[in-house]
Structure formats: C-alpha cells, structure tokens
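So the structure is just underneath, and the comments pick up after that.
The values are calculated or read from the model by the stated rules, or taken from the named source; none is laboratory data. Since this is a predicted model, take the numbers as computed values, not measurements. As a convention, Cβ positions derive from the backbone with ideal geometry for all residues, glycine included, and neighbour counts pool all protein chains shown. For accessibility, only protein heavy atoms count, side chains too; no ligands or nucleic acids. Shrake-Rupley method; radii C 1.70, N 1.55, O 1.52, S 1.80 Å.
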Amino acid sequence: IYADPAKRLELYFRPKDPYCHPVCANRFPTSTMLLRVRRRSKKKQQLEAEEQIQPEVQFEMEILGIVTTVYKFQGMSDFQYLAMYSGPDGKQTSMYDKVLMLKPEKEEFFNRDLPLYIPPPIFSRLDTPVDYFYRPDIQHREGYNNPQVSGENLIGLSRARRPHNAIFVNFDDEEIPTKPLDAAVQNWKKVCTNPVDKKVEEELRKLFEVRPVWSRNAVKANISVHPDKLKVLLPYLAYYMLTGPWRSLWVRFGYDPRKHPEAKIYQVLDFRIRCGMKYGYAATDMPVKAKRSTYNYSLPITVKKQGSHTVSVHDLKQGLGSAGTSGAKKPPSSRYKLKESIYIFREGALPPYRQMFYQLCDLNVESLQKIIHRNDGTESECTERDGWCLAKTSDDLRDSMSLMIKQIIRSTRPALFSNTTSSEDGKEQLAYESGEDEDDEEEEEEFKPSDGSENEMETEILDYV
C-alpha cells in the first residue's frame, strides 16, 4: 500500500472472515518524529509496615527517526455482514462452517440443504458523511410538461431532456424520411452562429454526396468538428438506422439503401477480435487493449482519479467547430479529427479496439472485397441479416479478418505461438473477446461523447432520444 500513493490502507476487524468489510485510511504527508519512551520505576525501601510503597519513576526518550507519511482513519465503518441465519426461536446460528470451503470437499458438501444465505452484492463506496441538499422544483421553459410517471419508474427527470431531434428508422419501416424535422432545422440554425459552423455543414454535405451512408466515427475521421456540435448537425442532414445491415449508420435523407443493390458496400460489419488459449494467446497477451477494463475500475480503496477536462465557455462561444487556441495540442484543422484506423481496416495493421464497426467499403483488403462482391449483378433480395450480400458473408469476412490478425500477432509475438500447432482453419469457430468501439483515446483525449456505454449503437441512441 505504501508503494502506491493512489491506494488507501485497509483495516479488517475480522481478518479471517472473507465477509468482513474493511475501513480505509487516507494517506497524508507529515513531518513528525518517532520517539521511543521508556518508563522505569524503582521501588523505595519500606520504612513502616503500614506505609504504602511509592515507586520512583524515570522516563527515558530516544528519537528513532522522522515520519514523512501517515495514514488516518477518518471514515466510518461500513455495514458488516455476518454469515448466519435466524432459527424458529429467534436464535442466531453461524453458517461459516457450512458456506466456507477450507479444504477440498466431496460431492456431499455441495448437496447439503442449507438455509438461504445471500450476501449483499456491493457495499457502499463512500465512507465519509456528506450533506445532501435537496433541490427545489426545476423551473423549465414555458410549455414544458413533466413526463408521466409510471409505476415502474417513480423517479422523474431532474431536468428537461435536450432533444437533438434525430429520426430513427427500422429495417421493416416502409417509408424513409426525405427531410429533417422542423425542430432539428431550428436546433441547427440556433447553434450555427459563425463561419466555422457553416464550413463544417458544407463539408458534411459533400461527404453525403460522395457516399450516402456514414458512421459517426467515419465522419469524425474526415472532418474536424466538436462531438457536441456533430450531435446537432447529423440529424439535420441524415436519419439513423436502428436495425438491419445498415444499423448504427447515418443515411442521407431521401436515400433508401434497401432499394439500391449497390448500397451493399455501405453495410456494417460488427467485428470483434477473437482470442483464447486454444489459439496461443489470451486477452492479456493481445497487443490491442480494451478501452474500458475492470482493472481500471475505481474501487473504494483507491483515491478518486482526476476528472476529465470539461468544455470551456470560450469553446462554446467559438461555436465548437474546428477553431482552437494557440496553445492547443493539435492544429485547428485537425483538433477533433480522428485517425483513419478508427473506421478503415487494412491488411497488416491491428484495429485500435477489440470491437469495431466497419462498413464493407472500408475493408481495404483485396481478398475481403472479393468476398463482398461475389454476387455482383445477381442481387435479388435485401434481407435484414445479410442485406444485399450472400448468406453468411459477414461470417466469412470475420473468419478471414481473424486469421489476418492472428498472423500479425504471431509475427509480433512469436513466443506466444511456440507451443501451438500450425494448422489453421478459416471456418473454425473462435471465442469472441468483446472490447470497445469508440473514439481513439490518444486522438480524442479531451472529448469522449460516448462515455458510459460499451455499445456504439446504444450510446448514439441515448444521445438523441
């Protein structure tokens, strides 16, 4: 604990009890001395039988050293949960000998009938009291009505939703929108206050003219626009597909990919890097790390990390476009721009995250494109699973991409494959390792609009609903 300044010192009242919850001490710098004090007493001779003996006391002090760090237990002890049950007569009986397996046991140990014992799933993450100030009723804008509260959700919203007025379309919907909602138009006109915003709008219009279907990450890799501004601009120029082969993608108004066979190159491929010990490497050995991990989970025994950088008022007034200050890390032309690897797959390069959403036209490998275009000119039906492609095209693409990634990992870390066989089957069923699909951490250091969800589609829906 002392070696890691971010850790708190734990104290267990019952060290041998696995259900004991510790109290934590915070670390503080100090400059104090450690003293050794000896108390010596010497008895005086007894003069009379009735007289009490008064010992002579002497103190000896010695400085042993200087203390630079001290741990103080300032918090309260959390609830302590004991493994016990109450009998019919109200007597509490311990269950430790029944629930704790201290040695290898036979099958009878696990088949015994025991009283129901369910420990709490989690303890409190706070150990210091805080004042909770109840807020008064929120004064919303004129015309706002509070949503109806159902029996399943008794907690209402603390503030009015900030709608971005996106139009969502399912694969089964017969019609597709040809223009944005009036609210989306007004919303964009309200925030489009400077030439930078106008320029970004024109750039995005040109992108949709060249290609009618885009993912949000692909847009962010081609134009430099603040994520909050992009949330307002996308519903102004495109609608969002919820299901089908173009799910989680933005489609230009008036364009229906279900009626155009050439739209198959814009279909989405949910690709996840496969790993497992049967392939010679585990998730921890993979060069591609998950963006979020349980190892980065902020536990109560760790000091709270510094919060992310918030948007300044100056950025808001500047329109949150591509403009930046002179002291910015990146030039204004690419301040919010992501790398091409965030949406393009190339042979010989690893994806930035373990889970990626690629459009088929962004798979820049000749062998993959041959799989995609196997039925060019003979497309007859657009299905919800495979779109305009042949059945199981996505599976074939995932198998080929997984073999490419395995070869890359083999070349970079040959020691991992020293004990594995050389046989490879393109259609072998591999275990999936779910990862992340959001912005590049290095490129998008300050602004992460999709924090809070591991699924890009779910995150984007929450942004607009």
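A 1.4 Å probe run over the range 79-140, with the rest of the protein chains in place, finds 94 Å² accessible per residue. With each label modelled as a point 7 angstrom along the Cα→C-beta vector, the Val365-Arg14 pair spans 5.5 nm. Full extension of the chain between Ala6 and Asn111 yields a length gain of 33.4 nm, computed as 0.36 nm times the residue separation minus the alpha carbon distance.
On a per residue basis, the range 213-279 carries 24 Å² of accessible surface, using protein heavy atoms and a 1.4 Å probe.
Once the Cα-Cα distance is subtracted from the 0.36 nm per residue extended length, the Thr383 to Thr93 segment shows a gain of 98.2 nm.
With a 1.4 Å probe and all protein chains left in place, how much of the accessible area of the range 1-111 comes from carbon and sulfur atoms, in whole percent? That fraction is 55 percent. Computed extension gain for Tyr144 through Gln186, at 0.36 nm per residue and net of the alpha carbon distance, reaches 13.4 nm.
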